[in-house]
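Below is one structure, written out as structure tokens, with a few remarks after it.
The values are calculated or read from the model by the stated rules, or taken from the named source; none is laboratory data. Note that this is a predicted model, so its numbers are computed, not measured. Cβ: placed from backbone, ideal geometry, glycine included. Neighbour counts: every protein chain shown.
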Amino acid sequence: MASNQTSLGDAKFAIPVSDVEQQAALGNETEDFDYSRRAQWLRAAVLGANDGLVSTASLMMGVGAVKQDIKVMILTGFAGLVAGACSMAIGEFVSVHSQLDIELAQMKREKQRKETEEKEEGEKESVTNPLQAAAASALAFSVGALVPLLAASFIREYKVRLGVVVAAVTLALIIFGWLGAVLGKAPVVRSSFRVLMGGWLAMAVTFGLTKLIGSSGL
């Protein structure tokens, strides 16, 4: 009887400890899994929007350096939006599809003899979808590119239009930098400042070089 009571007592004591450990382990696994998936969409969404913002704004500022016509600036921005979104989508699709092929090949190499087809299908669903990544990248680029386009669309005065575009892009750069830092668990101030400086530099270089070439009569 004493041995039975001891074993029962041990069992009662061991169960809650085991449950706590299992819950902690599951919680850690969930956090790691969520963060890795978040990182994939962070690259395709936030950075894609930032690319659309900077590249389209730089194009518009470059053309605005030599052409004051609002129609020319808007058409340039729209062409940059379409071309950039297509380029981002195709590049993302090819890149993620190559990554998918590598991951699936690795799964097959590591697959054991007793694995079932259902488990293999579940593993395939856990990897990144190339079409989803391409669509997200194109959409994010377009959202970013719309910021300077909308900012310049309704302002006829040339200098005011340039100022509004710079102001709108500056605000968007700060927001994208902050969002990327929060989702990526990076220092907020440093990340936002880096994104802002990069965007300003891109616009300034494009504006300056275009102005120089346009004034030289080439």
Odd one out for F154, checked against (1) under 19 Å from L81 (Cα atoms); (2) exposed (fewer than 15 other Cβ atoms within 10 Å of the Cβ); (3) in contact (Cβ under 8 Å) with a residue 12 or more places away in the chain; (4) not β-branched (V, I, T)
(3)
Surrounded by fewer than 14 Cβ atoms within 10 Å (Cβ to Cβ), of a type outside the set (F, W, Y) and either within 20 Å of the chain's Cα centre (by Cα) or not in a helix (DSSP H, G or I) (or both) - does that describe any residue in the range 55-78?
yes
Condition first: under 24 Å from V66 (Cα atoms), part of a helix (DSSP H, G or I) and not hydrophobic (A, V, I, L, M, F, W, C). Can you find one or more residues in the range 180-196 that meet it?
no
Being modelled with pLDDT of 80 or more and more than 18 Å from the chain's Cα centre (by Cα) is the requirement here; does D51 meet it?
no
Check whether at least one residue in the range 200-214 is assigned to a loop (DSSP other than H, G, I, E, B), of a type outside the set (A, V, I, L, M, F, W, C), modelled with pLDDT under 90 and farther than 24 Å from A85 by Cα, and report yes or no.
no
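Residue-by-condition table, conditions (1) touching a helix residue (DSSP H, G or I) at 6+ places or on another chain (Cβ under 6 Å); (2) buried (at least 16 other Cβ atoms within 10 Å of the Cβ); (3) more than 27 Å from T206 (Cβ to Cβ); (4) at pLDDT below 85:
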position	(1), (2), (3), (4)
C86	no, no, no, no
G91	no, no, no, yes
S98	no, no, yes, yes
G122	no, no, yes, yes
